[in-house]
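Chemist: Would you mind keeping the following structure in view while I ask a few things?
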Number of protein chains: 2
Amino acid sequence: MAATRELLIDTMKLLLWERGYDATSPNQVLERSGVGKGSFYHHFKGKKDLAIAAMESRTDDLIAEFDQIIAQTDGDWLAQVSAYLRLPRHALKGCRMGRIVQDPSVEDEQLLAPLERYFSTMHKRFTAIYSEAQSSGALVKIHKPEALAKLTLSVLQGGFVVGRAVQQDDTVGDVCESFLDMLAALKTN
Amino acid sequence: MAATRELLIDTMKLLLWERGYDATSPNQVLERSGVGKGSFYHHFKGKKDLAIAAMESRTDDLIAEFDQIIAQTDGDWLAQVSAYLRLPRHALKGCRMGRIVQDPSVEDEQLLAPLERYFSTMHKRFTAIYSEAQSSGALVKIHKPEALAKLTLSVLQGGFVVGRAVQQDDTVGDVCESFLDMLAALKTN
DNA sequence: GTCTATAAGGCGATAGAC
DNA sequence: GTCTATCGCCTTATAGAC
């Protein structure tokens, strides 16, 4: 079945979210999916190969999710950023991509590639929003769009880290709200 | 020798920084420190026991480092926050404590305890700075001190995550600088 | 306190039958 | 395509001599 391959990818996506890369074993993927060892090594070269496929798929999902939120939101730049930052997020579950970044094995360039694609794409998306907002005169030109974009992504990722450390599930929402307040002060009309 | 115990702790602190908890093995600690297996299990119950001692020690170091920076800095609240946020930080190396937070084993409450102590202590320190600044009229009262403190810690931690993902070592410095610009706008005199 | 030897178990992966 | 059996390696320890 072609479904086996997809099932393995979907299961790996869940485990990468729950446990990251290093702590997830092929056996765990097999146990949860019900797929056998032979099938797994037929469809993929090994753990790393499956993880890359899962991370690429996750990247596509998350970028599509972002684009949909932005497309659905009519309003100015702040309304768009707000809509995205206010999506429900649970610090204790971690970010579906950011969760993986700190794993030691992720110094490997092949494992790094999908992470880099995700974060640099999101950076471009936010840069475009802030840049256009400045062009139309709706955002003060004190900060570079690129810098604001990088800060936005960092606030989000940092909220997950701090929230997990202090075991407060709503931390990401809290820090996003504070950051949005500061962004609102940069709005010019 | 009593030095053996300290040597094991110092070596574990380095490895926790480089590889986190799950990916660090007792054998790695022994190889790097030159201590033998027998000595290790004489001084500590096991890996977890050593890791907790190392994390508690690291927490003490980092809080002492913070307090020293603040004490050395004469100037207003913004000068103090700037002095701390502008310490040299390398995203590719990771935060000495934040590096560990995402490890799956760190759901264990004993491993979590030192992390929680570090982040909640830092949160209190920043809250005190922002709170006093508001009392003295040097900081606008739009934001709660607690919220600003949580945001400050998140910016720092998020910078490490994003920086590692896009492989830009100076990301933490960049986002701190952007954040400081936004804080400067909240200064009232 | 420190040493070496050993152990049970999981890891990532392969072999070869069906 | 999928199965079961097996592999060599590493992990976290423990045992018992010195």
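Each value in this text was obtained by applying a stated rule to the coordinates, not by laboratory testing. No experiment lies behind these values; they were computed from the predicted model shown. Don't worry about glycine lacking a Cβ; one is built from the backbone with ideal geometry, like all the others, and counts go over all protein chains shown.
Chemist: In degrees, nearest 10, range 0 to 90: what is the angle between the Cα axis of helix B:171-184 and the longest Cα principal axis of chain B?
Modeler: That helix lies at roughly 30 degrees to the long axis.
Chemist: For the pair residue B:185/residue B:37, report the inter-label distance in nm, with labels modelled 7 Å from Cα in the Cβ direction.
Modeler: Each label point is offset 7 Å from its Cα along the Cβ direction, giving 6.0 nm.
Chemist: Still on this structure, please answer the following. How large is the helix-only mean residue ellipticity at 222 nm for chain A, computed as the sum of -39500 (n - 2.57) over DSSP H runs with n ≥ 4, divided by its residue count, in deg cm²/dmol to the nearest 500?
Modeler: -23000 deg cm²/dmol
Chemist: Something else now. Considering the options A:114, A:140, A:35, tell which one lies farthest towards the positive end of the dipole of chain A, charges being +1 on Lys and Arg and -1 on Asp and Glu at the Cβ, about the Cα centre.
Modeler: Value: A:35.
Chemist: At 7 angstrom along the Cα-to-beta-carbon line, where would the label on residue B:92 sit relative to the other copies? Give the distances in nm, shortest first.
Modeler: Nearest first, the other copies' label points are 3.7 nm away.
Chemist: Report, in whole Å, the centroid distance computed from the Cα atoms of the range A:1-58 and the range B:91-167.
Modeler: About 34 Å separates the Cα centre of the range A:1-58 from the one of the range B:91-167.
Chemist: Sticking with this one: Using a label position 7 Å from Cα in the Cα→Cβ direction, what is the ascending list of nm distances from residue A:185 to the same site in the other copies?
Modeler: 0.7
Chemist: I'd like the orientation of helix A:3-19 relative to chain A: the angle between its Cα long axis and the longest Cα principal axis, in ° from 0 to 90, rounded to 10.
Modeler: 60
Chemist: Can you give the convex hull volume per residue for the Cα atoms of the protein assembly as shown, as a whole number of Å³? Please report the intermediate quantities before stating the final value.
Modeler: On the way: hull volume 54.6 nm³, N = 378.
That works out to 145 Å³ per residue.
Chemist: Then there is this: Where does helix A:47-72 land angle-wise versus the long Cα axis of chain A, in degrees 0 to 90, nearest 10?
Modeler: In chain A, helix A:47-72 runs at an angle near 30 degrees to the longest axis.
Chemist: Residue A:131: net charge of surrounding residues, Cβ under 12 Å, Lys/Arg +1, Asp/Glu -1, itself excluded? Walk me through the intermediate numbers first.
Modeler: Details: positive: A:124, A:125, A:141, A:144; negative: A:132, A:146.
Charge balance in the 12 Å sphere: +2.
Chemist: Moving to a separate point now. Take the rotation relating chain B to chain A, measure from its axis to every Cβ in chain B, and name the nearest residue with the distance in whole Å.
Modeler: Result for the axis mapping B onto A: B:158, 1.
Chemist: State the number of lysine pairs found in chain A whose Cα atoms come within less than 28 Å, restricting to pairs 8 or more positions apart or on distinct chains.
Modeler: Lysine pairs meeting the criterion: 23.
Chemist: Give me the distance in nm between label points sitting 7 Å out from Cα along the Cα-to-Cβ direction at residue B:168 and residue B:67, one decimal.
Modeler: 3.6
Chemist: Right, next: Sort B:67-76, A:141-150, A:31-40 by packing, meaning the average of other beta carbons within 10 Å per residue, with the highest value first. Please list the in-between numbers first.
Modeler: On the way: B:67-76: 11.6, A:141-150: 18.5, A:31-40: 13.9.
Ranking the peptides B:67-76, A:141-150, A:31-40 by packing returns A:141-150, A:31-40, B:67-76.
Chemist: In units of 2.2 N^0.38 Å, what is the alpha-carbon radius of gyration of the range B:1-120? Please list the in-between numbers first.
Modeler: Values: Rg = 16.0 Å, N = 120, 2.2 N^0.38 = 13.6 Å.
Against the empirical 2.2 N^0.38 Å value, I get 1.18 for the range B:1-120.
Chemist: Let me ask another. Nm distances between the label at residue A:72 and the same-position labels in the remaining copies, 7 Å along Cα→Cβ, shortest first?
Modeler: Those label-point separations list as 5.0 nm.
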